[in-house]
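Report on the following structure.
The values are calculated or read from the model by the stated rules, or taken from the named source; none is laboratory data. Remember, predicted model here, so these are calculated numbers, not experimental data. Cβ sites come from the backbone with ideal geometry, for glycine too, and all protein chains shown count toward neighbours.
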């Protein structure tokens, strides 16, 4: 089944194809590094990671570029407040982002350009637009793109230019804080922002005076540079970037280079927390570190953030996170039973089976793979997997069939980016057999099967271990 994905531009599902003679070009808007990324940010990055993995399992060669925004209003303001150079400040938060990505098992991009490293290309792009009379210089040295010079502006978001009054609100309905303009423009947007006293030493010299790029400019310049001036196949980002950011990327790129900027657009819906909008004032901009401190594992967070449709808003709850931990336990026990059938161990599964097998036949997991291929329907994929687990087919399989199922399962888990047997939440000195019993008891308790949970607790005590429950996890203690 070919990989199909919803295209924001055409509002239809489109088949993705491997180009002839080159990799599949996939660009993603990356983080603005002025603090730790929160779980809403990571939902978008994780969905993009799953798509890349699905393409690779399907046989694609992918060139994945994800940028780092290390100069904008927020990075400058926060670096000044912390009395650090912009470089020192943003490098710290870039390193933190990379650490969190590794914990959440995101594949590193093929190239990760930084905005500051591409100031020269951004200035050249502005020069092209001024030459074409599609940008103009204001008295203070700021440069603006003339939106009405772009006849198809608004095509991505279905915006009628005659109704366009401001760029102060994003496509998700939020105030546009990504690039804080010093004045409200009727429709035009900043390409270059003149130097201000509050910018400190964070400015560059341009033909229009000292200043810095507008936020929208950087992606167009980095796409042109990293993909060698060619049209890209797919551009991803959160739904809040659809307008104005991506609309502006299209306008300035196609105006400057006179070719299609991107053929397919891919946007992820936003995240809510316990049915509330994420915000600093509500204190629910959760980071990975905060959740790990509460004994939740990164793999459970990954599962939670990818398990439902990327096109629908996700309501993150702690009950849902605990349910993800239980679901992962079920997948682990099923996988262990398959491995035992063929006298294999957990290490062999991760080393030999969790990879891009590029299978022609997924057998009992055919529907699971088709779910992933059909617009990243992760919920259908996981539903099919748990349907198989519930049918308990293992006793009916011979060794060859078991190995084939392990390969199919490994490919799907690779595509989902789920690392089994890696949950550190209950990392005690207990032997693996004791941990397995404790996990089984925890799951029984979550399923309100208290009789089984009590029986397993007694079994653990007979083996010399006591168990303590919290609202979110369990801890094991050796009995003296």
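Just to check your reading of the model, which residue among 405, 382, 372, 388 is in contact (Cβ under 8 Å) with a residue 60 or more places away in the chain, within 32 Å of the chain's Cα centre (by Cα), assigned to a helix (DSSP H, G or I) and over 20 Å from residue 305 (Cα atoms)? From the options 405, 382, 372, 388, the qualifying one is 405.
Residue under question is residue 363, and the condition is that it be touching a residue at least 60 places away in the same chain (Cβ under 8 Å) and under 25 Å from residue 60 (Cβ atoms); does it hold? Taking the combined requirement at face value, the residue does not satisfy it. It is to be established whether one or more residues within the range 317-336 are in a loop (DSSP other than H, G, I, E, B), assigned by TED's automatic domain parsing to the domain that holds residue 392 and touching a helix residue (DSSP H, G or I) at 6+ places or on another chain (Cβ under 7 Å). Within the range 317-336, not a single residue is in a loop (DSSP other than H, G, I, E, B), assigned by TED's automatic domain parsing to the domain that holds residue 392 and touching a helix residue (DSSP H, G or I) at 6+ places or on another chain (Cβ under 7 Å). Are any residues in the range 80-139 under 30 Å from residue 301 (Cβ atoms), touching a residue at least 40 places away in the same chain (Cβ under 8 Å) and not in a helix (DSSP H, G or I), and if so, which ones? Matches in the range 80-139: 104, 105, 106, 107, 109, 110, 111, 112, 113, 114. Does residue 27 fit the bill of being in contact (Cβ under 8 Å) with a residue 12 or more places away in the chain, in contact with a helix residue (DSSP H, G or I) (Cβ under 9 Å, 6 or more places away or on another chain), surrounded by fewer than 22 Cβ atoms within 10 Å (Cβ to Cβ) and more than 19 Å from residue 312 (Cα to Cα)? Judged against the criteria, residue 27 is not a match.
Every listed requirement among (1) assigned to a helix (DSSP H, G or I); (2) touching a residue at least 40 places away in the same chain (Cβ under 8 Å); (3) surrounded by fewer than 21 Cβ atoms within 10 Å (Cβ to Cβ) is met by residue 348 save one, (2).
Filtering the range 292-312 down to residues that are touching a helix residue (DSSP H, G or I) at 6+ places or on another chain (Cβ under 9 Å) and assigned to a loop (DSSP other than H, G, I, E, B), which residue is surrounded by the fewest Cβ atoms within 10 Å (Cβ to Cβ)? Among them, the one singled out is 294. Is one or more of the residues making up the range 423-433 out of contact with any strand residue (DSSP E or B) (no Cβ under 8 Å at 6 or more places or on another chain), at pLDDT 95 or above and surrounded by 12 or more Cβ atoms within 10 Å (Cβ to Cβ)? No, the conditions are met nowhere in the range 423-433. Filtering 359, 321 for residues that are crowded, with 16+ Cβ neighbours inside 10 Å and within 21 Å of residue 387 (Cβ to Cβ) leaves a single hit, 359.
Among residues of the range 271-289 that are more than 25 Å from residue 309 (Cα to Cα) and not assigned by TED's automatic domain parsing to the domain that holds residue 42, those with a Cβ under 9 angstrom from a residue that is surrounded by fewer than 18 Cβ atoms within 10 Å (Cβ to Cβ) and modelled with pLDDT under 95, sequence gap 6+ or separate chain, pair up as 282/276. Of all residue pairs spaced 6 or more apart or on separate chains, those with beta-carbon atoms under 7 Å, a first member in the range 433-447 that is over 12 Å from residue 325 (Cα atoms) and a second member that is part of a loop (DSSP other than H, G, I, E, B) and at pLDDT below 85 are 435/426; 438/426. Just one of the listed residues (43, 52, 66) is at pLDDT 95 or above, surrounded by 19 or more Cβ atoms within 10 Å (Cβ to Cβ), farther than 14 Å from residue 234 by Cα and under 16 Å from the mean Cα position of the chain (by Cα), and it is 43.
Okay, residues lined up against (1) out of contact with any helix residue (DSSP H, G or I) (no Cβ under 8 Å at 6 or more places or on another chain); (2) at pLDDT 95 or above; (3) farther than 23 Å from residue 121 by Cβ:
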residue: 178; (1), (2), (3): no, no, no
residue: 188; (1), (2), (3): no, no, no
residue: 194; (1), (2), (3): yes, yes, no
residue: 197; (1), (2), (3): yes, no, yes
residue: 205; (1), (2), (3): yes, yes, no
residue: 213; (1), (2), (3): no, yes, no
residue: 219; (1), (2), (3): no, yes, no
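Within the range 249-270, identify whether any single residue is at pLDDT below 95 and either under 22 Å from residue 74 (Cα atoms) or crowded, with 23+ Cβ neighbours inside 10 Å (or both), and answer yes or no. Yes, the conditions are met somewhere in the range 249-270.
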